[in-house]
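Notes for the one structure printed next.
Please treat every number below as a calculation from the coordinates, not as lab data. Remember, it's a predicted structure, so these values are computed and weren't measured experimentally. For neighbour counting, all protein chains shown are included, and Cβ atoms are generated from backbone atoms with ideal geometry for every residue, glycine included.
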């Protein structure tokens, strides 16, 4: 924690000084990486923004370094130095937040997520500087600080511990025991290493104070036994000896000793070392409880996520296998829950002939629970065809209805892309419209293909967005492929983003080649082979509709 002398600048630990410098270096280095990522995706404006963040962090280094070592500004005024630091910090945080918002607006979701790390580092520096105070000055304490000789006689501020004193010399055992009992601890003694081991294994101790020079089992050997015994890992050994050879002290530390004390110790030093060991032990026990609670909470969350994933999957339509219409699909969330949704259904009863067949695919921004809940809401509205004012036989009307019903600012700033189509088997025409989604691909029997993109804007972004229904003639034996962007927005083995163009060529080749029948698995296998990671980094939904 920061501390200060009367009227002087606050001091801060060497560890915290190092931590602050690491955070600054993190911002500088990581901004450069993000700038390169932005350049790879042709977002030069974002590259410039990340470069300005790095420059500002570099500018912050000098005044922050001066402040962390308790210094003042060039004018000798600590307050002016603080003003300079706060000004740079607030500017840095605002610039990082601006970069995050700009990346999100540009559709660079990974960049926006990674920029949050810069924000965490800047906020950590801000908290550290705030802990120093505005000018580095503190109010004078009401009571004077106690002298060293008085500290040993005070009651321990923390809870007392159970301590084992192991020493061959009776006088050494007696003097140590009295000091520790006066400090409020519960003390047991052992005259040698063998009896000490018996006590350690039969009773519970927090700390063992061990004299190196003992008959029989000496201090080194006792440390080895304690270190090797899993049941004694909670005991914190402190070595006490008249030896001053640093190599011997280092050997004790290597054997598991928590600390070292010379035999001619100050009582206040003994008190401080014991309290430090007890605090570390309590912190470790609290950490173990915390970790156990985290593991339990994680297991429960994973179970709930599995249940949630099963529910989302139960909402997806059954696959279809008919002579004149067959539908196959794959749904691969990048996390336990994904933000993709798709469905299909017949329009009308088809009494006068083959009915029209409607299908849609939606990709909600983000991943995880929030995106999954939103996608479930959309499926539950589209499946029963209850979207207000929408004509489900007209894809553009469906998209317009979704855009009117789901404003981004009313959905925690979630938005989504969508592709909608209606297949009319009597006319052999496919009507379709899209809202910022990848184009569907129609592959005809001769191996040629057409990209079906409606060109509309993302749903939820603008109230005045308009959508257009287009039509495409479909030869018999054609196959329609509809997919989310996760199937092509991944890093390939050559380090580049695979991209839509390469995926469409891959899809058309895999669909036209090989045996007749379903090609969806072949296409997926080809895409996985191109991906540099084991799993696709984004949610993947992929539909194959074979139109007889």
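Name the shape class, rounded, prolate or oblate, that the alpha-carbon gyration tensor gives for segment 148-284, where a ≥ b ≥ c are the square roots of its eigenvalues, rounded holds for a/c under 1.5, and otherwise prolate holds if a/b is larger than b/c and oblate otherwise.
Taking the square roots of the gyration eigenvalues as a ≥ b ≥ c, segment 148-284 is rounded.
Work out, step by step, the length gained on full extension between residue 500 and residue 119: first 0.36 nm times the residue separation, then minus their alpha carbon distance; give nm to one decimal. Intermediate results must be reported in sequence, preceding the final value.
Values: separation 381, 0.36 × 381 = 137.16 nm, distance 3.17 nm.
Using 0.36 nm per residue and subtracting the Cα-Cα distance, I get 134.0 nm.
For segment 319-547, what does the alpha-carbon gyration tensor say about shape, rounded, prolate or oblate, given a ≥ b ≥ c as the root eigenvalues, a/c under 1.5 as rounded, and a/b over b/c as prolate? Mind dumping the intermediate values first?
Details: a/c = 1.71, a/b = 1.04, b/c = 1.64.
Here segment 319-547 falls in the oblate category.
Going by the alpha-carbon gyration tensor, a ≥ b ≥ c the square roots of its eigenvalues, is segment 396-511 rounded (a/c under 1.5) or, if a/c is not under 1.5, prolate (a/b greater than b/c) versus oblate?
Cα axes put segment 396-511 in the oblate bin.
Which order do the peptides 439-446, 249-256 come out in when sorted by mean C-beta neighbours inside 10 angstrom, highest first? Write out the running numbers ahead of the final one.
Details: 439-446: 19.1, 249-256: 15.8.
The packing order, highest mean first, is 439-446, 249-256.
What FRET efficiency would be calculated for the residue pair residue 231, residue 280, taking the C-beta separation as r and a Förster radius of 30 Å, to the nearest 0.05?
Numbers: r = 19 Å, r/R0 = 0.63.
About 0.95, to the nearest 0.05.
Take the alpha-carbon positions of the chain, form their convex hull, and give its projected area averaged over all directions (one quarter of the hull surface) in nm².
Numbers: hull surface 145.5 nm².
Over all viewing directions, the chain projects a mean Cα-hull area of 36.4 nm².
Per residue of the chain, what 222 nm ellipticity follows from adding -39500 (n - 2.57) for every DSSP H run with n ≥ 4, rounded to the nearest 500? Please list the in-between numbers first.
Numbers: 14 runs with 248 residues, N = 548.
For the chain, the value works out to -15500 deg cm²/dmol.
Which order results if 93, 24, 163 are arranged by neighbouring Cβ count within 10 Å, fewest first? Numbers along the way, then the final one.
Details: 93 17, 24 20, 163 25.
With the fewest neighbours first, 93, 24, 163 line up as 93, 24, 163.
What order do you get for 314, 334, 365 when you list them from fewest to most C-beta neighbours inside 10 Å?
Values: 314 7, 334 17, 365 21.
So the residues, fewest neighbours to most, are 314, 334, 365.
Report the relative contact order of the chain, percent, no decimals, based on alpha-carbon pairs under 8 angstrom and at least 6 residues apart. If you can, show how the numbers build up before the last one.
On the way: 934 pairs, mean separation 48.1, N = 548.
Relative contact order for the chain comes out at 9 percent.
Counting other beta carbons within 10 Å of each Cβ, put 419, 329 in order, fewest first.
Taking fewest neighbouring Cβ atoms as first place, the list is 329, 419.
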